[in-house]
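One structure below.
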Amino acid sequence: MPKNRSIRFALPILLSLYAISISQARAEEQGLSSSDIDRMVQSIWKSKGIGPVGPASDSEYLRRVYFDLTGLPPSLDDAESFLQSTDTDKRSKLVLELLSDPAYGAHRADVLMGEIIEGRILNRRLPEESFRKYFESSFNQDKPYDQMVRELISASGDSSENGATYLVVTHQANPEDMTGTVTRLFNGTQYRCFQCHDDKFGDWKQTD
């Protein structure tokens, strides 16, 4: 997966994990803390030979979080309220607020659909909108990721009623293409590469 796509997915996920960790009840449930996230990020920095920059200003943070989580800029009223607030936890609270905003699910749906479709021409005979609504509701309901994956790769029924079927139905004429999409999205493996040759970066063989 191209580097910019990895970053685009990683940042909202890290922000989401951070927001979860600041709630003690959820932190105990998930077994995560902000220090765990810090160690994860620092490990990546170390492997890349880089270090952190200075803290973002409130205005920079506001803009980045809004675009990363909702794909939209903050309203003037929201911006003024945040920038004028003296609450020491306002950044954490903002993340939690945006994660509960319907715009979060809509934005994540747009991003994930772009990754799944990956430039292919959409099947206009299938109800794309039901596919988008499936993602929107899944993200906004805080549906576990593993549950979403199982639903997507095993979906059945009418596509107009069950949007999760779009992934399976749109690939049904080409099982190899379906396998390539699933392994790329959910395993981080470019299956299409070793359809033609042995994997140069792993243990997969063309004969597999």
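Only the coordinates and a few stated rules stand behind these numbers; no lab work does. All values reported here derive from a predicted model rather than from experimental measurement. As a convention, Cβ positions derive from the backbone with ideal geometry for all residues, glycine included, and neighbour counts pool all protein chains shown.
Which order do peptides 96-105, 50-59 fall in by mean Cβ count within 10 Å, highest first?
Values: 96-105: 17.2, 50-59: 9.6.
So the order, starting with the most tightly packed, is 96-105, 50-59.
Rounded to the nearest 0.05, the FRET efficiency derived from the C-beta distance between residue 186 and residue 78 at R0 = 35 Å is 0.50. Sequentially through the stretch 128-139, phi angles give Karplus couplings (6.51, -1.76, 1.60; θ = phi - 60°) of 4, 4, 5, 5, 5, 5, 4, 5, 4, 5, 5, 5 Hz, Gly and Pro residues having no value and appearing as x.
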